[in-house]
Amino acid sequence: MFGIPGKQAVSITPAAARQIAKLMARDGSQGLRIGVKKGGCAGMEYTMDYVTEVDPHDEIVEQDGARVMIAPMAQMFLFGTEIDYEVSLLEAGFRFRNPNVADACGCGESIKFKDVEELEAEQAAARG
């Protein structure tokens, strides 16, 4: 939908692919659907759900047994995002490195995206 021919919508690190594939196998799901919704102190939040059915409108990225589906309304906001899975001494979880984020709250749970016009212009320029 908002992609660049020959380029995946999001990238998945090997650590994230292992964790997604592990959870898919454990839960018998078809993959991880990511999206965005209004909320949080910066205005938007990421959503993540393991799903049993693939929506035909989802953008699908597969890597090393992991399947990530991007909800249609989130595709423009997530294009170019790297999904990682990090483990530290105190916590473990998925991390999104998203070039479309203009601002984030201090805890990192809430984000603000660049304006739609700016995102469209950047994606048009990348397509050439």
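Every read-out reported here was derived from the displayed coordinates using simple, explicitly stated rules and does not represent laboratory data. All values derive from a computational prediction rather than experimental measurement. When we count neighbours, we look across all protein chains shown, and the Cβ atoms used for this are built from the backbone with ideal geometry, even at glycine.
Some values worked out for this structure:
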| item | result |
| --- | --- |
| Within-14-Å neighbourhood charge of residue 66 [Cβ basis; K, R +1; D, E -1] | 0 |
| The range 70-87 - phi-based ³J(HN,Hα) in whole Hz, Karplus 6.51/-1.76/1.60, Gly and Pro as x | 9, 4, x, 6, 9, 4, 5, 7, 9, 4, x, 6, 9, 9, 10, 10, 10, 10 |
